[in-house]
1. Send over the per residue convex hull volume for region 202-344, Cα only, as a whole number of Å³.
2. Any idea what Rg and Dmax come out to for region 330-429 if you just take the C-alpha atoms, in Å?
3. Where Rh is the Kirkwood radius over the Cα pairs of the chain, the temperature 4 °C and the viscosity 1.567 mPa s, what D in µm²/s does Stokes-Einstein return?
4. With a sphere of radius 12 Å drawn around the Cβ of A85, what net charge do the other residues whose Cβ falls strictly inside it have (Lys, Arg +1; Asp, Glu -1)?
5. Translational D (Stokes-Einstein, µm²/s) of region 375-429 at 20 °C and 1.002 mPa s when Rh comes from the Kirkwood sum over C-alpha pairs?
6. Using a basic spin-label model with each label point 7 Å from the Cα along Cα→Cβ, how many nm lie between V408 and E226?
7. What nm distance separates the two modelled labels at S303 and D144, each placed 7 Å from Cα along Cα→Cβ?
8. Can you give me the distance in nm between label points at W362 and E253, each placed 7 Å from the Cα along the Cα-to-Cβ direction?
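Just so it is clear, none of the values below were taken in a lab; they were calculated from the coordinates. Bear in mind that the values here come from a model prediction, so they are computed numbers and not experimental data. Methodologically, a virtual Cβ is constructed for each residue, glycine included, from the backbone with ideal geometry; neighbour enumeration extends over all protein chains shown.
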Amino acid sequence: MPVSAVPPSRPAPRLDETAYDRRRLRQWLAGDARADGVSRRRLLTLLAATATATVLPAPHPARAADTPIVKPLPPEWFVRRGTNAETRWEALRGTGHHTPNELFFVRNHTATPVLTADDWRLRLWGSGLRGAPGEDRAVEFGYDDLRALPAVTRTAFVECAGNGRGYYTSQQGETVSGTSWTLGAVGVARWRGVPLAEVLRRAGPASRAVDVQPRGLDAEYVSGGESLGRVRRPLPLAKALHDVLLAYEMNGEPLPYDHGYPVRVLVPSWVGIASVKWVGDIEVSAQPLFSPWNTTFYRLFGSAYPQQGSAPLTRQTIKSAFELASGATFRAGQDQVLHGRSWSGAGAVARVDVSTDGGTSWRPARLHDRPRADTWTRWSIPWKPGAPGTTHLLARATDTAGRTQPDVAVPNTQGYLFDAVMRHPVTVV
Ligand code: MTE
C-alpha cells in the first residue's frame, strides 16, 4: 500500500559542529583542549584559513591482514575491498526492511577482534566526570551490568561516510582517495542496547563536560607508516545525551563479531565512523577533544571548502539505490517491477522519483514503508522496457528536511558524502 503520512520529526537538539568546532580549535590554541595523536601542524592547518594546501594521506590504505573479517563473505553477497566488505544491492532484494546480519557490510580499519563478553569491561573516565579536583575518576561496567540497565530498541542505518565514493570517479570524473565503494556501504538494523545518556548519568558527568570520546578495542590504525592509535572520535555531549546507544544486539541477536561484539556505539543518522565498534572505554572530557578521525579524516577538503576543511562530518547525506546488479539485463516488452531504497541523515525519505529513460522523464515511486528518520524507505515502480539497447535507471529521493538529491555531488578530496542521483546502467535484450 502506498504510504504518504509522515510522522512529525522529533525536535533536534543544537548539534551544529561548525560553530562548536571553531570554538574547540580556539580553545586548543589557548591550551584548553587536548589533541592526542593529532599533530600541531594539522591543528594549525585547520585553524588557518589562509594556510597553504595540505597533502593528505590516503584515509583507507589497504592493510595486509590474514582474517580481517570473521563472517563468511560469499561473492554473490559481498565485494571484498581490502579490510572491508561491501554488500551487493542485488542481494538485498526481498530481504525486508532490516538488513540480515550475514549481509551487513563491514568496514574495518584493521581487523575484527574476537572478544568475550565475560572479560569485557567498559571504562568511563576523564575530567568530565564528577569528582574532587585532580582526582582520577573512572567508572566501570561489565557486560551483565549493561544488560541489567533499562534497554531500548531502535531501527537505524549505519553508513560509511565514503559510501558511493566510486561514483565521484565513474560518474563525475573526479580523483578522490579512499575505498572505492559503490552504494553498498550501508545497512539498516534493529539495535538494542542502553542509551549512552543512561550510562553517563550513572557515571556522574560534571556540568563542565563537553566531549565524549568512545574508543575501540581493535588494533591501532597505521597510516603512512605512523600509528594513529586505536579508532576513536569525539562526540559533542549534546549528541551523546540525545539518541546514542551502547548496542549489544543487532536484529534480535547478540552483535556479531564483525559488527562490534560485545558492545558498540550506535550514533543514529551520523556518519558510520561515529558508531565505534568493540567499545572499550569512553573518555568524558571537560576539555574539547580531537582525534585523527575528526581532523585529518571525516572533514571535507577541496576547492569547494575552506582551506582548513569543513567542520567534522556529522549527519549522513541523502541517497537512493536500486536492488539490482550493475548492468542487469531485462527482456524488451516484458512487465517488470523495479525495487529500491532511499535514505537520508536529515529526516525521513517521503518522496522518490524514478526515471527509466536516462533522466528524460520521471514518475513518483510507490513507497513501501512509513517514512521514518534514521532509516530507509523502500519503494517500487513498474516498468516495461522498450527497444533493446543500454539505458540508465535513476532514482531521486527527497527528505522531510527538504533535501533532494542533486545531479552532481560537490566533490571533496576524500570522496565523502556522495549524494548525487546515481545512473544505474542496465541492458534491454
Ligand atoms: N569502530 C572501530 N573500533 N573500528 C573501526 O574500524 N569503523 C567505523 C565504525 N566503527 C570502525 C569502527 C566505520 S568507518 C564504519 S562505516 C562503521 O563502523 C561500520 O560498521 P559495520 O562494520 O558494523 O558495518
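1. Cα-based convex hull of region 202-344, divided per residue, equals 200 Å³.
2. 14.5, 43
3. Translational diffusion coefficient: 58 µm²/s.
4. My count for the surroundings of A85 gives +2.
5. Answer, rounded: 156 µm²/s.
6. About 3.5 nm separates the two model spin labels.
7. 6.2
8. 3.9
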